[in-house]
Amino acid sequence: MSKSAEGLDALRAMAGAARARAYAPYSNYQVGAALRTASGRYYSGCNVENSAYPEGTCAEAGAIAQMVLAGDRTIAEVVVVGPPGRPCTPCGGCRQKIREFAGPHTPVHVCNPYELLLTTTIGELLPVAFGPEHVGLSADDG
Ligand code: THU
């Protein structure tokens, strides 16, 4: 198996495990996300809902927080695992959050617990994006 396919399997396993920890008693819609960084490390997160509904956070946001806390800044690949049914494509806010740390060609894979449903890029998900470069940041800043 190619190295990238091995990485995708590892990301899917991590995102699936994160999804099993989701706290989603209000929507009953569990999501897990996993990231591989340019440094070759992996981070994951799950959605965490709240009785004050707008305070809930998405799986992708949790994974990004773990990445930043660990000192990593460059996302190389993303996997989102949602429930069976319509593919759980990242919400608008998460597209922007991923874009902060990823170039437009960064792959985003959308899965259910059993299969890979679609592969796209953050550039396709968020075309003509507003990003760090608009406000004077280059990839090495921060
Ligand atoms: N959700 C995510 O975790 N990621 C997404 O990209 C889409 C939506 C969560 C938020 C909420 O807890 C539940 O899925 C239903 O919207």
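Scan (1) within 14 Å of Gln30 (Cβ to Cβ); (2) among the charged types (D, E, K, R); (3) under 10 Å from the mean Cα position of the chain (by Cα) for the single condition Glu77 breaks and write down its number. It is condition (1) that Glu77 fails. Just one of the listed residues (Ala24, Ala52, Ala18) is closer than 16 Å to Cys111 by Cα and open to solvent by less than 70 Å² (accessible area, probe 1.4 Å), namely Ala18.
I need a count of the residues in the stretch 104-126 that are over 13 Å from the mean Cα position of the chain (by Cα) and open to solvent by 40 Å² or more (accessible area, probe 1.4 Å). Even if it seems obvious, please write down each step before you answer.
From the stretch 104-126, those over 13 Å from the mean Cα position of the chain (by Cα) are 104-105, 112-118, 123-124, 126; that's our starting set.
Then drop every residue that is not open to solvent by 40 Å² or more (accessible area, probe 1.4 Å), which leaves 104-105, 113-118, 124.
Matching residues across the stretch 104-126 total 9.
Would the stretch 94-103 turn up any residue that is of a type in the set (Val, Ile, Thr), open to solvent by 20 Å² or more (accessible area, probe 1.4 Å) and touching a residue at least 24 places away in the same chain (Cβ under 8 Å)? Steps first, please.
Kept after step one, since they are of a type in the set (Val, Ile, Thr), are these residues of the stretch 94-103: 98.
This time we only want the ones that are open to solvent by 20 Å² or more (accessible area, probe 1.4 Å), so: none.
Looking through the stretch 94-103, none of the residues is of a type in the set (Val, Ile, Thr), open to solvent by 20 Å² or more (accessible area, probe 1.4 Å) and touching a residue at least 24 places away in the same chain (Cβ under 8 Å).
Restricting the search to the stretch 27-49, which residues are surrounded by fewer than 16 Cβ atoms within 10 Å (Cβ to Cβ) and within 21 Å of Gly85 (Cβ to Cβ)? Those that are surrounded by fewer than 16 Cβ atoms within 10 Å (Cβ to Cβ) and within 21 Å of Gly85 (Cβ to Cβ): Ser27, Asn28, Tyr29. At least 3 residues being in contact with a helix residue (DSSP H, G or I) (Cβ under 9 Å, 6 or more places away or on another chain) is the threshold, and among the strands (runs of 3 or more DSSP E) wholly inside the stretch 42-142 those reaching it are 42-46, 75-81, 107-111. One residue stands out among those in the stretch 25-58 that are among the β-branched types (Val, Ile, Thr) and more than 14 Å from Ala70 (Cα to Cα): the one that is nearest to the ligand (Cβ to nearest atom), which is Val31.
The values are calculated or read from the model by the stated rules, or taken from the named source; none is laboratory data. Bear in mind that the values here come from a model prediction, so they are computed numbers and not experimental data. All Cβ positions, glycine included, derive from the backbone under ideal geometry; neighbour counts span all protein chains shown. Protein only, heavy atoms only, side chains kept; ligands, DNA and RNA dropped before computing areas. Shrake-Rupley method; radii C 1.70, N 1.55, O 1.52, S 1.80 Å.
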